[in-house]
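The values are calculated or read from the model by the stated rules, or taken from the named source; none is laboratory data. Just so you know, these numbers come straight off a predicted model, no measurement behind them. Note that we place each Cβ from the backbone using ideal geometry, even for glycine, and neighbour counts take in every protein chain shown. Accessible surface is based on the protein model in full, side chains and every heavy atom, while ligands, DNA and RNA are left aside. Shrake-Rupley method; radii C 1.70, N 1.55, O 1.52, S 1.80 Å.
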Amino acid sequence: MMKCPPPAVENCDGIFLSYDFLSRTKEFPHVKNATAQSWAFNSTSTVLNTGKFELKAWKIFIGFQHEEILVNAGGAVLMDGDDFPAAVGNGSYFSGSPQADLKTSIDTAGDLTQIQVKIQFSGTQFGVKPPGIPMPKTIRLVNDGYKCPAPTRRKTSMYVCCARNPKFKVKVLKTKFLPRQNGDLTISYDVLQAYGNNYIAQVTMENKNPLGRLDNWNLTWEWLRGEFISTMKGAYTHKIDYADCIYGVPGEIYTNMDFSEVMNCERKPVISDLPPEKANDTIVGRIPYCCRNGSLLPTILDPSKSKSVFQVQVYKIPPDVNRTALYPPEKWKIVGTLNPDYKCGLPIRVDATEFPDASGLSAVTTAIATWQIVCNITRPAKRNSRCCVSFSAYYNNSVIPCNTCACGCGDNKRCNRDAPSMLLPPEALLLPFENRTQKALAWAKIKHYNIPKPLPCGDNCGVSINWHVNTDYMSGWTARITLFNWGKMNFENWFTAIQMKKAYRGYKKVYSFNGTLIPELNHTIIFQGLPGLNFLMGETNGSDPTKDPRVPGKQQSVISITKTQTPAILLITFVVVIVILYFTILKPKNPEITSQPVVLEHFELIVLPAIKLNVSLGIVVTVNNRNYGGFEYQNSTAYVTYRGDVVAEAPIQADTIPARREHNISTTVIVLADKLLTNPKFLDDFKWGLGTLNFTSATTLHCKAIILKVFKKKATSDCTCDTSLFLGNISSHSDGKSTAKF
């Protein structure tokens, strides 16, 4: 049931938006948990132009908040190009299709069909138990130049009037349609010839990103009005199928058409570029900028290879069987092999494209109608990259491989997706990941590295790059870059880019590649193959396929960097070297502290006429300093306890322990006889212990480690020793342990 517009629309001078909740029914399965119960809902949204200015390419945001899954949105499309069903629980943006522009009431004599759009929503939502009403958080217009206050809520409806912002400077359009936009990849859909029931369109794709690239591009769109592709030139569809035409609406309308000659009747065709050998084919070729296996290079590398063009003949069905009923396909998507992810917007009507006249005269011809689709590169999600980088250096014999699951993990559950990748010997980089296991395990055992269980997953990247610091000297340094192709496809006209913010000015030469400095791209250097070396071949079989691993395609070169233009690198290099030494060779290590056997230097026991005891103990502690720096320790005291009572003390004089040497710390302990004899357990130990006394000595040293006279680190060393004194044969036995903390 459609509702009448609220009275507020009468006072709106701008764009009036409304959202009306109509109905919902409980879906299967029926559950007791209200938050988990799904409901099928129906609602409408209205966009009405009540102002004095035409609204071109209207766009609205609806803040859905109940885990909604849209199944249909009649009269609109999702601006991000997603297909239905689409999860919109965090809100979503919509734009008009087929009616993208809203004229004014003044220019149309109040014709609602031209100034208003009604969107019919249907889908599933969760979590609101009746009699609650699941309404969105907000609705607003997102076109530039309009301001929307908070919407007004009325039980099952909400509405808002968005007025023009008086401070917004409106660009005066000198053309009938919207101006063209910029993006990483722009697509132009130009209608060249129009007939009653069909038209011929030309699709032009231009790569505008300085580092963007497409290989083997696959373009897809969706026909929303029953169209189908009859013929194509400069490209082809992956599936040549006309069954949907014969058994669908086209078969009922075009009863005399031979559909076996039709290229594709799918609602969502997948289109690819032709191979080079078809460039001069009189039937499918002879289209400028076609037939390059779907390769699109940046304009800074080769402008002639940054564009791809093909033509398509499209048949329409009623009620669009007239020359002026022209509608482009929607939901454009483009993907490639080893390429970034592109997100394409909606087709926007722009001024007709102009072409040079085919007769050769200094005249231009214009398209009948033109739509522009803008696609932009999106930031890849975690573990969704297309290639990865490993690192190695001359001063370390281990290689840091690509991250675990850098390009995805798939469904492999036998490996550990969260474990860090294992360090490898350099030769392991030449092997496919599945052949690296034995080398990785052997290397970990040799180097005493941790071995995760289960083992980490591979990087799963089709292409990887190794950056190896080759040499480092006073006036410069060199690096070796190696490209590995682990896939089957050969890459023609390959290139790679590196960003070197600090060393950029010192770039001198690359020896086997062609290097180009691009300062406007954040100090980026682009490398590409020299003539004859512009192919990065795919993976091939080993010498003996039955036992030898597959061999990746490779390209390699050495890069020379000078430090004369980057004096700060000298200081950075020095600091890096010092830090590396500090945390590897010079890293502080616990000293080995050994307590030597206690020496009984003097013992005197007099029983009569009064008990008198004098004991002198010689204590020696040997410290083995394994560090490349010396230890300075402060004055300290050694304590000897007997059954918990301190019965002796010995001073330890401050001293220095030399680097990588052993050093003895010695002292003489004079036992405090009165404290020993007054212990109630002493006589029992003397009588029943057969003349055995047990002592415990404890020593704490506070040290300072000095490395290269630069790094200083405090340390504390604790030594504990249990000593048994045998009175019968005047001997002793000791057992000690020590710990050190930095």
Notebook entry, point to check: What's the extension gain from LYS147 to LYS129 if we count 0.36 nm per residue and subtract their Cα-Cα distance?
Noted result: 3.1 nm
Checklist line | Cα gyration tensor shape for region 45-153, rounded if a/c is under 1.5, else prolate or oblate | finding: prolate
Check: How many Å² of accessible area per residue for region 444-537, probe 1.4 Å?
Finding: 54 Å²
Note to self: Suppose only helical runs count, i.e. DSSP H with n ≥ 4. What mean residue ellipticity at 222 nm does that imply for the chain under -39500 (n - 2.57) per run, divided by all residues and rounded to the nearest 500 deg cm²/dmol?
What the structure shows: -2000 deg cm²/dmol
Next item on the list: At a Cα cut-off below 14 Å, give the aspartates and glutamates reachable from LYS208, other chains included and same-chain residues fewer than 8 away excluded.
Entry: ASP184, ASP302
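How much length is gained on full extension from GLU434 to THR637, taking 0.36 nm per residue of separation minus their Cα-Cα distance?
Taking 0.36 nm per residue and subtracting the Cα distance, the gain is 67.1 nm.
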Check: So, with a 1.4 angstrom probe, what is the percent of accessible area on the chain that is carbon and sulfur?
Finding: 54 percent
Check: Quick one: if you stick a label point 7 Å off each Cα along the C-beta vector at THR113 and THR716, how many nm between them?
Finding: 8.9 nm
Check: Taking R0 as 56 Å, what's the FRET efficiency between ARG154 and THR562 from their Cβ-Cβ distance, rounded to 0.05?
Finding: 0.20
Notebook entry, point to check: In sequence order, what are the phi-derived ³J(HN,Hα) couplings for region 411-418 according to the Karplus relation 6.51 cos²θ - 1.76 cosθ + 1.60 with θ = phi - 60°, rounded to whole Hz, with x for glycine and proline?
Noted result: 9, 6, 9, 8, 10, 9, 6, 9
Margin query: For the chain, what does the relative contact order come out to in percent, with C-alpha contacts under 8 Å and a separation of six or more?
Written below: 7 percent
Next item on the list: Note down the nm distance, to one decimal, between modelled labels 7 Å out along Cα→Cβ at ARG225 and at LYS502.
Entry: 6.0 nm
Notebook entry, point to check: Which values, in whole Å and largest first, are the semi-axes of the equivalent ellipsoid of the chain obtained as the square root of 5 times each eigenvalue of the Cα gyration tensor?
Noted result: 78, 38, 25
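Using only alpha carbon positions, build the gyration tensor of region 58-115, then give the equivalent ellipsoid semi-axes as the square roots of 5 times its eigenvalues, largest first, whole angstrom.
Calculated on Cα positions only, the semi-axes equal 27, 11, 9 Å.
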Checklist line | Count of lysine pairs in region 496-571 with Cα separation under 19 Å (8 or more residues apart, or interchain) | finding: 5
Note to self: Could you tell me the calculated FRET efficiency between ARG267 and GLU27, based on Cβ-Cβ distance and R0 = 25 angstrom, to the nearest 0.05?
What the structure shows: 0.45
Margin query: Taking the Cα of ILE368, stepping 7 Å toward and past its beta carbon, and measuring to each backbone N in region 233-271: which are under 19 Å?
Written below: 233, 254
Next item on the list: Please work out the ratio of the alpha-carbon Rg of region 93-136 to 2.2 N^0.38 Å and round it to two decimals.
Entry: 1.74
Item checked: Full-extension gain in nm, ASN384 to TYR195, via 0.36 nm per residue minus C-alpha separation -> 63.5 nm
